[in-house]
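Worksheet: the structure to be examined is printed underneath.
The values are calculated or read from the model by the stated rules, or taken from the named source; none is laboratory data. Computed from a prediction, not measured in an experiment: that's the story for all the values here. Every residue, glycine among them, receives a Cβ derived from its backbone with ideal geometry; neighbour counts consider all protein chains shown.
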Amino acid sequence: MTAKRILAFDFGAESGRAIMGELESGKLRLHELHRFPTGFVEVNGKCLLNVLSFYEEILAGLKKYVREFGPVLDSIGIDTWGCDFGLLDGQGNLLAVPYSYRDSKTNETDKIIQKKMGKDRLYSETGIQMLQINTLNQLIALKERERTVVDHASHLIYLGDLLHYFLTGQITMSYTVNSISQLYNPVKQAWADEVFEAFGLPRRIQGDMIYPGQRVGMLDGQIAAECGLDPVPVTAPCIHDTASAAVAAPGGGEGAAILSSGTWSIACLDLDRVVVNEKARELSISNSGFAFGRNLFAKNVMGLWVLQCCKREWQKKNPGISYPEIAEAAEKAQPFTRWLDIDDELFFNPDTMCGAIRSYFAKTGQKPLGEDQIAETARTIYESLAMKYRRNFDKMAEAAGFEIRELNIIGGGCNNRFLNQLTANVMKVPVMAGPGEATAAGNIMIQAAGLGLFGSLDEIREVIRNSFPIEYFLPEDVDVWEKRYQFYRERVFHG
Ligand code: LRH
């Protein structure tokens, strides 16, 4: 078999990357071609997405590919974070600059949801975790504040579909992103019309869904010519990045839980069925559309976002400070001196994260930490993350009737060996860490499946196992960790 070359654009909350995957003899080799910032831009007090700069960065990535590998490419596909979207009019024009889900416009939307539909009914209809970042919350906020945009909208288009549209002229609706919008009913596998009705949203914005591996269209001829590429198809991966990452979880399958660790940490169980029951509703667990007809039973944890924001603040006094240095310092700090509920709303998008942590300590009667106490702060963040992982996985396993025998941590966060070890200690199961590039790898493998190279997740995961180093972390000091976990249950999670 001659090597196939497939290009993935992976848009994460901190950065975007163009990564080319070369598939040959049952192995996948990744080449990073281009990296660029993706953070939101604040304009007139709004947090907006610079989607035109994203488009330019994609073109820059395509040009770098041609410079290194020539004009022949087998496929291109984009994955991005979920929830964010644009609205198009009937002629396909973008009606407004898309918002970032971190914008404060959704701060009050849960009250509207409770009043107009009730959270329990919304959960029964959609099987999705209540989060203010959800597409539904964003649409409700837009309808309240910028009604004309919603009134003129003909198409809802998620960020990844929007970027595909810029490249192909085809308007699509990603199944994997739509599945977490809270506009979709996973049991009926259809749009949740009751939700549209309850919130007065126009049904005309619903579109036909595109599933992982389906062709979006051909790269626009003018773009191809400008970049020096031969004609090349654009293939939908799992456009939702978490689903892309889970594709490339080598330990996925029976008994193995998956943690996609990045700006958000998403705790996932890869299931052959949708779970919308009383327990799932109580803990607000998502049914997130996956590949090959499977379901990711999933729950968001605020994730490394808290640390990412602290790092930006620490960098003002310590310009060169890196994540490995932070982790090393945290490892040497005294354990269990403080605690956080990492999902507290204080941490969602504060003016200063170090300030938000101080406020949390104050409201829970803990001793403050100074701005320069990096090691202690980071240690508290890591411990609190690990505790939240355990709590979520325990509840998810109970709701789904799943026995977790192993945990596979994937994504950029799995390079943090210290956090992997803490997670193994509190979860009391072996942790398998890698690949760090799971999202891009999963994106590429689903495009490859779309080209007919693979027919199942098992085949894909075997290639992943043969292609990337995986590191194991065995539980240590489990009694000490269990005791601390029980403290968190009582004092922090309240049950
Ligand atoms: C992770 C992710 C997650 C969504 C969030 C907005 O990157 O896609 O699955 O909930 O971003």
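Below is a table of values for the structure above.
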{"quantity": "Identity of the residue in region 50-92, among the aliphatic types (A, V, I, L, M) and part of a loop (DSSP other than H, G, I, E, B), that ends up nearest to the chain's Cα centre (by Cα)", "calculated": "Leu73"}
{"quantity": "Helices (runs of 4 or more DSSP H) (entirely within region 126-205) containing at least 1 residues that are within 22 Å of Thr80 (Cβ to Cβ) and out of contact with any Pro (no Cβ under 7 Å at 6 or more places or on another chain)", "calculated": "135-145, 147-152, 159-168, 175-178"}
{"quantity": "Which listed residue is acidic (Asp, Glu) and within 16 Å of the ligand (Cβ to nearest atom), from Glu57, Glu22, Glu14, Glu42", "calculated": "Glu14"}
{"quantity": "Any hit, region 262-283, residues being surrounded by 22 or more Cβ atoms within 10 Å (Cβ to Cβ), within 16 Å of the ligand (Cβ to nearest atom), closer than 19 Å to Asn415 by Cα and of a type in the set (A, V, I, L, M)", "calculated": "yes"}
{"quantity": "Residue list for region 385-407, filter: in contact (Cβ under 8 Å) with a residue 60 or more places away in the chain, assigned to a helix (DSSP H, G or I) and over 17 Å from Ile285 (Cβ atoms)", "calculated": "Leu385, Met387"}
{"quantity": "Of all residues making up region 1-55, the number that are over 30 Å from Gly86 (Cα atoms), surrounded by fewer than 22 Cβ atoms within 10 Å (Cβ to Cβ) and of a type in the set (A, V, I, L, M, F, W, C)", "calculated": "3"}
{"quantity": "Among residues of region 230-255, those that are part of a strand (DSSP E or B) and hydroxyl-bearing (Ser, Thr, Tyr), counted", "calculated": "1"}
{"quantity": "Checking Leu139 against (1) of a type in the set (A, V, I, L, M, F, W, C); (2) more than 29 Å from Gly61 (Cα to Cα); (3) surrounded by fewer than 24 Cβ atoms within 10 Å (Cβ to Cβ), the condition it does not meet", "calculated": "(3)"}
{"quantity": "Matching entry among Arg461, Arg491 (being part of a helix (DSSP H, G or I) and surrounded by 15 or more Cβ atoms within 10 Å (Cβ to Cβ))", "calculated": "Arg461"}
{"quantity": "Single condition Tyr472 does not satisfy, out of (1) in contact with a helix residue (DSSP H, G or I) (Cβ under 6 Å, 6 or more places away or on another chain); (2) within 30 Å of His31 (Cα to Cα); (3) in the same structural domain as Thr380 (by TED's automatic domain parsing)", "calculated": "(1)"}
{"quantity": "Selection count, region 285-300, where residues are surrounded by fewer than 24 Cβ atoms within 10 Å (Cβ to Cβ) and under 18 Å from Ala257 (Cβ atoms)", "calculated": "3"}
{"quantity": "Check on Arg281, part of a loop (DSSP other than H, G, I, E, B), of a type outside the set (Val, Ile, Thr) and touching a residue at least 12 places away in the same chain (Cβ under 8 Å)", "calculated": "no"}
